[in-house]
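**Q** Handing you a structure now.
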Amino acid sequence: MSGFSGDVLRQRCQSLLSSIRERPDHLSDKDATLSLSKAAVTGNKILRQISEKSESECLDIRVLCDYAQLLLDFSYAIEIKIVNDEFTEDYKNKIQLIFSHLDEALELLNPLCNTKEALSPSPTELGKVNELRECLYWRKGALMYMFCHTAYHNQSRLLATSTLKAEFVSYATRGVKYLSVEMRNTRREQTTLEYESSDEHLLQLIKQGIFSDVNMLSLMYAAEMCYWITLIDSGSDTDIDFSPKAIGQQLAQQYISLADGPLKHSSWNTEQAVNICNQLQAA
C-alpha cells in the first residue's frame, strides 16, 4: 500500500462518485443502475468514515474492504455495458479500464494476507479479505470468458484476422489462469479444520476448493476456454508452461466428479463438461 493514504483514498472516492453523478449511458440497464447505486452508497460511507478518523486510523481493514467493494460495483456497471453490447464499441479500452479498477483493489488487499504487514487482520477480517480477493479474480476471469464466449460464437467479426485470433488466445489464457490458479489460491490455506461439520460431502467440497457456486462455475468456464484455445490455435499445446488440453481435461473431470459426487443432488449439468473431455482427448 505504498503511497496510499487517507487523502489519496478521499480523492479516489470523490472521483468515482463524480463519475457516477455524470449519469453515463450505463444507466440504461437496470443491473448497471443498481451496481452504480451501491457504489455511490459505499463511496459516501467511506468519505464519512475518513472524516471521522485521523490519518493514521482511516486506512483500517474495514475501510479498505469497503473501497474494494466500491471498485467492484463501479467496474461492474462498465462490464455490463460492454457485455450487453457484445464487445462492439471500444471494448479493449473498457476492458483495460475495468482491469485497472480490479487490480487497484487487489493491490490493496493482497498485502493484508501477509502476517508481517502492519495491518494484520483478525480471522474474521481475513475471511472477508479473501472473499473479496476471490471475487476480484473471478470478475477478471469471468470477463475474459464473456469476451471469448462472444467471440467464439461470432467468429466472422471478432476472430476475422490472425491478430484477433491471437488476442482471443491471450484473453482465454489469462482467463484460465485467473480462474484456475489465482482465484483458487485465495483460499488455499483454508482447510476442513476451520469448519465444524459432520457432512462428509461438505468437507469433500472444501478440500477441493469449492466454497460456493462460483467455484463450480470457474471450473467450467476455465475448461471451456481451454477447449476454445485448442480449436482456435492448434499450436497452443506446445507451450511447456501452459497446456490447455491437459488443464482443460483436468478441470472438466474435476467438475464432473463433483457434480456426480458430493453435488449429485444439485442441479449441475455435466453434458458440456463430458463433451469437452471427449473433444480434448480426441484432439
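The values are calculated or read from the model by the stated rules, or taken from the named source; none is laboratory data. Here the structure is a predicted model, which is why all the values come from computation and not from measurement. No Cβ is skipped: glycine too gets one built from the backbone with ideal geometry, and neighbour counts run over all protein chains shown. The area values use the complete protein model at the heavy-atom level, side chains included, leaving out ligands, DNA and RNA. Shrake-Rupley method; radii C 1.70, N 1.55, O 1.52, S 1.80 Å.
Conditions tested, residue by residue: (1) open to solvent by 10 Å² or more (accessible area, probe 1.4 Å); (2) closer than 26 Å to PHE168 by Cβ; (3) under 20 Å from the mean Cα position of the chain (by Cα); (4) modelled with pLDDT of 90 or more.
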{"position": "MET1", "(1), (2), (3), (4)": "yes, no, no, no"}
{"position": "SER5", "(1), (2), (3), (4)": "yes, no, no, no"}
{"position": "GLN11", "(1), (2), (3), (4)": "yes, no, no, yes"}
{"position": "GLY43", "(1), (2), (3), (4)": "no, no, no, yes"}
{"position": "ILE46", "(1), (2), (3), (4)": "no, no, no, yes"}
{"position": "SER51", "(1), (2), (3), (4)": "yes, no, no, no"}
{"position": "LEU59", "(1), (2), (3), (4)": "yes, no, no, no"}
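**Q** Looking at region 216-255, which of its residues are open to solvent by 30 Å² or more (accessible area, probe 1.4 Å), assigned to a helix (DSSP H, G or I) and not hydroxyl-bearing (Ser, Thr, Tyr)?
**A** Answer for region 216-255, where residues must be open to solvent by 30 Å² or more (accessible area, probe 1.4 Å), assigned to a helix (DSSP H, G or I) and not hydroxyl-bearing (Ser, Thr, Tyr): LEU217, LEU231, ILE232, ASP237, LYS245, ALA246, ILE247, GLN249, GLN250, GLN253.
**Q** Within region 261-278, can you find the residues that are open to solvent by less than 80 Å² (accessible area, probe 1.4 Å) and either touching a residue at least 24 places away in the same chain (Cβ under 8 Å) or in a helix (DSSP H, G or I) (or both)?
**A** Within region 261-278, GLY261, PRO262, LEU263, TRP268, GLN272, ALA273, VAL274, ASN275, ILE276, CYS277 qualify.
**Q** Please count how many residues of region 232-260 are hydroxyl-bearing (Ser, Thr, Tyr) and touching a residue at least 24 places away in the same chain (Cβ under 8 Å).
**A** Within region 232-260, residues that are hydroxyl-bearing (Ser, Thr, Tyr) and touching a residue at least 24 places away in the same chain (Cβ under 8 Å) number 2.
**Q** Quick one: would you say LEU126 is under 20 Å from GLN69 (Cα atoms) and buried (at least 18 other Cβ atoms within 10 Å of the Cβ)?
**A** no
**Q** Could I ask something else about it? ASP90 passes all but one of (1) loosely packed, with under 15 Cβ neighbours inside 10 Å; (2) in contact (Cβ under 8 Å) with a residue 40 or more places away in the chain; which number fails?
**A** Failing condition for ASP90: (2).
**Q** Output yes when any residue across region 82-91 is of a type in the set (A, V, I, L, M, F, W, C), within 17 Å of MET144 (Cβ to Cβ) and in contact with a Lys or Arg (Cβ under 6 Å, 6 or more places away or on another chain), and no when none is.
**A** Among the residues of region 82-91, at least one is of a type in the set (A, V, I, L, M, F, W, C), within 17 Å of MET144 (Cβ to Cβ) and in contact with a Lys or Arg (Cβ under 6 Å, 6 or more places away or on another chain), which makes the answer yes.
**Q** For region 42-63, what are the residues that are assigned to a helix (DSSP H, G or I) and either under 27 Å from THR150 (Cα atoms) or free of Cβ contacts under 8 Å to residues at least 60 places away in the same chain (or both)?
**A** Result: THR42, GLY43, ASN44, LYS45, ILE46, LEU47, ARG48, GLN49, ILE50, SER51, GLU52, VAL63.
Yes or no, residue by residue, for (1) among the basic types (Lys, Arg); (2) at pLDDT 95 or above; (3) within 16 Å of the chain's Cα centre (by Cα):
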| site | (1), (2), (3) |
| --- | --- |
| ASN110 | no, no, yes |
| CYS135 | no, yes, yes |
| ARG139 | yes, yes, yes |
| TYR145 | no, yes, yes |
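**Q** Checking THR124 against (1) in contact with a helix residue (DSSP H, G or I) (Cβ under 7 Å, 6 or more places away or on another chain); (2) without any contact (Cβ under 8 Å) to a residue 60 or more places away in the chain; (3) β-branched (Val, Ile, Thr), which test does it fail?
**A** (1) is the only condition that THR124 fails.
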